[in-house]
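Q: Starting off with a structure, shown below.
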Amino acid sequence: MSLSTDQPQPGLKSCGFNDCLDILRELPILSGVPLDVVKVLAYLSGRESFDAGEALCEQGEALDRCFYVLSGEVEMARQLDACAVGLPRRGKGYFFGGLGLLAPAKALFAVRAVTDTECLVLTKEKFQKTAERFPDIWPKILGNVVGHVFRWEEAFLAAHAEECATTGEMGLSLF
């Protein structure tokens with residue numbers, strides 16, 4: 001199948017190619033990925049609108065696309081047992097769902113539009129077709145993800161250093 005003849009996902013509005021390209025080129029997950037590949041991903045991306053109160057994704061559902069907030073505001077919440085934990089609201093420039101492009105993943109939290117919201121959306125299917133055609137991108141993307149996780153771990157540990165000193169250990173291990 002030729003990617004050049006693929007159309008954006010049904011139900012998605014076309015995204016101005018140059019706008020999509022500019023956004024995707026700035027995403028850390030695509031840092032260092034060849035421009036030709038990012039151009040294909042920009043072509044395959046689209047815009048999706050959400051009304052205030054509408055869910056972008058629900059906690060626990062399979063992540064089959066990633067989102068970049070173009071306009072509006074979203075709120076996130078994570079249900080833990082009988083308690084819902086709210087996370088900070090996010091607006092233009094917020095990106096989430098990228099790990100779902102790489103492997104089977106479920107949403108860790110629910111995301112709802114607080115205001116009418118428009119997002120740039122790239123589906124897992126379109127991303128994986130592109131990655132099959134350009135397999136040389138995998139080491140760069142995986143390196144970007146590892147770097148992001150490492151930076152997150154450093155920030156988490158720095159934010160919890162006092163707790164670590166008090167208890168003597170964090171009891172935290174990713175592997």
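The values are calculated or read from the model by the stated rules, or taken from the named source; none is laboratory data. Note that the structure is a prediction, hence the values are computed from the model and not measured. Quick reminder, even Gly has a Cβ in these numbers, built from the backbone with ideal geometry, and neighbours come from all protein chains shown. In case anyone asks, the SASA skips ligands and DNA or RNA and just uses the protein heavy atoms, side chains included. Shrake-Rupley method; radii C 1.70, N 1.55, O 1.52, S 1.80 Å.
Q: Express in Å², to the nearest 10, the accessible area of I141 obtained by rolling a 1.4 Å probe over the protein heavy atoms while all chains stay in place.
A: Its heavy atoms expose roughly 0 Å² to the probe.
Q: Would you compute the Debye intensity of region 42-115 from its alpha-carbon atoms alone, equal scatterers and no solvent, and pass along log10 I(q)/I(0) at q = 0.26 Å⁻¹ to two decimals?
A: -1.35
Q: In whole percent, and with a 1.4 Å probe on the protein chains, what portion of the accessible area of region 35-93 is carbon and sulfur? Intermediate results must be reported in sequence, preceding the final value.
A: On the way: 1470 of 3070 Å².
After summing per-atom areas, the C and S share lands at 48 percent.
Q: Quick one: order S45, S71 from most to least accessible surface, probe 1.4 Å.
A: Final ranking, largest accessible area leading: S71, S45.
Q: At a probe size of 1.4 Å, how large is the accessible area of K39, to the nearest 10 Å²?
A: The accessible area of K39 comes to roughly 80 Å².
Q: If you don't mind, another one. Calculate the FRET efficiency for E132 and E61 from the Cβ-Cβ distance with a Förster distance of 25 Å, rounded to the nearest 0.05.
A: After rounding, the FRET efficiency stands at 0.55.
Q: Next up: Taking 0.36 nm per intervening residue step and subtracting the Cα-Cα distance, what contour gain separates K106 from E162 on full extension? Numbers along the way, then the final one.
A: On the way: separation 56, 0.36 × 56 = 20.16 nm, distance 3.15 nm.
Contour length minus the Cα-Cα distance gives 17.0 nm.
Q: So if I restrict to the alpha-carbon atoms in region 39-175, what is the Rg, and what is Dmax, the biggest pairwise distance, in Å?
A: 17.2, 52
Q: Heads up, I need the accessible area for D64: 1.4 angstrom probe, whole protein in place, Å², nearest 10.
A: 90
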